[in-house]
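These notes concern the structure reproduced below.
The values are calculated or read from the model by the stated rules, or taken from the named source; none is laboratory data. This one's a predicted model, so the numbers in the text were calculated from it and none came from an experiment. Glycine gets a Cβ as well: all are built from the backbone with ideal geometry, and neighbour counts include every protein chain shown.
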Amino acid sequence: MRTVGSQGWLGRQQSTADPSEIRRTERWLASARVFLAISALAAIYMDPTQLGHAPVAYALLGFYLIHGVLVMSLLRRRKTSTPAFRLLIHSADIVWPAFISIFAEGPRSPFFLFFFFVLAASAYRWGLWETLSTAAAEVALLWIESFLLLHVWALREGSLPWHILAGLRVNLVEFEPKRLFMLSIYLLVMGLLLGYLAEQQKHLRAEKAAVTRMLSRVRVEAGLTGTLQQISREIAAMYGAARIVIAAQEILSHRRFLGELRNVKGELSEFAWLDSRPREAKAYLQDFPGEVGYALHKGGRWSVTALDEEGNQIPSASAQAFEELQQGTKKPEDAFHSVISISFGFGTEWRGRVLIFEPSWRGETQEELRFLLDLLRQVGPAVYNVYLLHRLRRRAGAAERARFARELHDGAVQSLIAVEMQVDVLRRQAENTPEVVGGELGRIQGLLREEVLKLRELMQQMKSIDVDARRFLSVVTDTMERFQRETGISARFVTDIAKLEMPDKICREFLRIVQEGLVNVRKHSRARHVLVRLASNPDQWSLTLEDDGKGFPFSGRLSQDELDQMGKGPTIIKERVRLIAGALTVESNPGSGTRLDIKVPRSGGVSDEF
């Protein structure tokens with residue numbers, strides 16, 4: 001069971017609060033703050049009329065620069081940026097523009113860029129409402145300064161502490177209400193636009209993160225049911241849904257399937273396939289309006305919002321399908337007052353619907369429906385690929401089982417039938433020609449021994465290999481010893497590697513190559529000795545198989561490409577060498593033996609995934 005978390009767009013927005021991303025954002029803002037302070041000092045140095053020649057003005061900008069450097073150094077040392085720290089820094093950024101504007105010939109000075117910086121910082125950190133609040137705080141500070149400068153200072157001009165600032169050029173005209181009014185409008189409009197753009201950007205990033213999170217739940221090893229369970233849980237947690245139903249129909253066979261996930265008192269159940277009646281499945285698969293639609297039952301009537309495949313609203317969408325679905329609900333716990341329906345289709349094979357019951361979210365309905373439509377279009381094909389791969393694996397398994405059955409039927413079974421018939425003939429001849437029986441029994445014993453070896457090799461091929469670098473050397477040694485015991489052919493494994501460090505995939509393929517090579521030696525080579533050698537250097541791994549048998553029907557040393565062009569060489573070994581990006585060379589001396597050299601580069605990019 002899993003507890004349901006946040007809901008709708010708010011849940012997606014909260015899911016993007018990555019500490020590393022927050023820290024990165026604060027570092028960029030700190031760098032911009034320092035750059036802005038240095039630029040301001042350079043500007044007043046080139047044109048000192050903006051602040052006059054008072055040392056206090058330069059001291060203020062110097063203090064702001066030191067403040068920016070200090071914040072930057074703190075961010076580099078701290079591993080996390082707490083909300084309280086960010087709020088403290090932002091408060092200082094709000095106060096500074098209003099304060100410096102007093103000493104820069106009023107708020108219309110070039111240092112208006114400080115106002116823009118604090119609004120941009122708020123938008124970059126948070127969103128619309130925080131940016132508007134920042135703009136409102138700036139406006140409030142400017143009006144407070146206007147009151148102090150036009151009334152309090154006018155009454156106390158020439159007295160402490162104002163004589164300290166006498167060298168500064170304060171343009172009181174710029175703080176008059178009629179001029180300050182337009183500046184306030186500028187700040188509020190700028191805050192609105194920056195906040196809106198930031199909100200849209202965060203919205204898009206949140207949707208992208210949600211889609212990425214959904215796609216990460218699509219796992220081949222989990223199978224189709226496990227994948228649908230993970231995705232359904234994400235959707236149910238995102239919208240606080242009471243129930244998720246996936247209804248699908250196979251178009252050619254008309255078979256219908258229903259899967260369900262429930263939210264029971266805030267905890268999510270397992271996704272389960274239902275044994276549904278055709279009529280019940282038909283209710284979920286009927287023609288709901290649009291590609292995605294939302295229906296709400298309120299005040300005794302249904303209101304429906306539906307979008308077509310382009311994301312455009314469908315006017316006057318019918319509520320009949322939702323009414324029939326509600327009327328067909330028999331269980332009290334399945335009753336609903338709102339539902340989202342999303343259609344999907346995969347070529348000419350499948351069609352269906354995803355239904356989200358009792359969803360809730362914050363934001364516009366059409367935007368949420370467009371997000372769900374886009375989500376299904378991106379996640380749906382990935383889920384379908386899991387289904388196709390699962391079906392392909394089943395077919396491959398069936399084909400492999402059929403191959404083994406054919407091998408048994410054409411090999412061991414036929415041989416055993418022949419042996420049984422020969423034994424029956426010997427039984428009849430035993431009374432009349434006993435001298436023949438001994439030789440025939442020896443021949444039959446050889447046939448049985450051969451079939452036992454074939455069956456063991458077949459069973460060995462059917463076994464899954466779980467070998468890594470730590471076990472590889474011992475497994476190959478055991479394989480060679482068993483081969484020698486069972487066949488009487490002298491077999492040795494030689495290596496000078498004390499501690500093997502090789503990817504698991506190469507270990508598995510090397511072992512399969514050794515096994516296949518030994519089978520070929522026994523069946524075809526008529527060899528008396530076989531040698532397997534493993535070596536390595538900083539650039540590659542090398543595996544060599546040698547025997548003193550009759551060799552291949554060609555003479556010389558050929559590469560894998562040359563073997564492919566001639567249509568010669570060990571087919572299965574060639575395919576396994578390709579799987580590990582290796583190079584195969586076959587040297588054949590008819591009547592004198594064969595040598596196979598496999599070299600695999602260490603930098604070949606072979607992963608452990610199989």
message: Can you list residue pairs whose Cβ atoms sit under 6 Å apart, with the first residue in segment 26-43 being within 12 Å of residue 114 (Cα to Cα) and the second being at pLDDT below 80 and surrounded by 15 or more Cβ atoms within 10 Å (Cβ to Cβ)? Count only pairs 6 or more apart in sequence or on different chains.
response: 40/61
Tally of residues being modelled with pLDDT under 90 and under 18 Å from residue 334 (Cα atoms) across segment 287-321: 4
message: Given the criterion on the phi < 0 side of the Ramachandran plot, modelled with pLDDT under 90 and surrounded by 15 or more Cβ atoms within 10 Å (Cβ to Cβ), identify the matching residue among 365, 348.
response: 365
task: Give segment 40-61 a look and list any residue that's exposed (fewer than 11 other Cβ atoms within 10 Å of the Cβ) and either modelled with pLDDT under 60 or not assigned by TED's automatic domain parsing to the domain that holds residue 114 (or both), or say none.
output: 49
task: Give the number of residues within segment 237-256 that are crowded, with 16+ Cβ neighbours inside 10 Å and free of Cβ contacts under 8 Å to residues at least 60 places away in the same chain.
output: 1
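State whether the residues of segment 370-377 include one that is surrounded by fewer than 16 Cβ atoms within 10 Å (Cβ to Cβ), under 24 Å from residue 250 (Cα atoms) and in the same structural domain as residue 301 (by TED's automatic domain parsing). Steps first, please.
Step one: filter segment 370-377 for residues surrounded by fewer than 16 Cβ atoms within 10 Å (Cβ to Cβ), giving 374, 377.
Within this subset, residues satisfying the condition of being under 24 Å from residue 250 (Cα atoms) are 374, 377.
Subset that is in the same structural domain as residue 301 (by TED's automatic domain parsing): 374, 377.
Scanning segment 370-377, I find at least one residue that is surrounded by fewer than 16 Cβ atoms within 10 Å (Cβ to Cβ), under 24 Å from residue 250 (Cα atoms) and in the same structural domain as residue 301 (by TED's automatic domain parsing), so the answer is yes.
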Condition met for residue 271 (in contact with a strand residue (DSSP E or B) (Cβ under 6 Å, 6 or more places away or on another chain), without any contact (Cβ under 8 Å) to a residue 40 or more places away in the chain and aromatic (Phe, Trp, Tyr)): no
message: All but one of (1) in the same structural domain as residue 129 (by TED's automatic domain parsing); (2) buried (at least 17 other Cβ atoms within 10 Å of the Cβ) hold for residue 209; state the number of the condition that does not hold.
response: (2)
- line: Scanning segment 262-312 for residues that are farther than 28 Å from residue 251 by Cα and loosely packed, with under 14 Cβ neighbours inside 10 Å, the one nearest to the chain's Cα centre (by Cα) turns out to be 267
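Between 519, 514, 467, which is modelled with pLDDT under 90, closer than 17 Å to residue 569 by Cα and β-branched (Val, Ile, Thr)? Reasoning before the result, please.
On the way: 514 fails: modelled with pLDDT under 90; 467 fails: closer than 17 Å to residue 569 by Cα.
Only one candidate qualifies: 519.
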- prompt: Out of all the residues in segment 534-553, which are more than 37 Å from the chain's Cα centre (by Cα) and surrounded by 16 or more Cβ atoms within 10 Å (Cβ to Cβ)?
  reply: 534, 544, 545, 546, 547, 548, 549, 550, 551, 552
query: Which ranges mark the strands (runs of 3 or more DSSP E) fully within segment 301-388 that have 3 or more residues being touching a residue at least 24 places away in the same chain (Cβ under 8 Å) and within 21 Å of residue 227 (Cβ to Cβ)?
result: 338-346, 350-357
query: Which condition number in (1) surrounded by fewer than 19 Cβ atoms within 10 Å (Cβ to Cβ); (2) out of contact with any helix residue (DSSP H, G or I) (no Cβ under 8 Å at 6 or more places or on another chain); (3) within 21 Å of residue 585 (Cα to Cα) is the one that residue 506 fails?
result: (1)
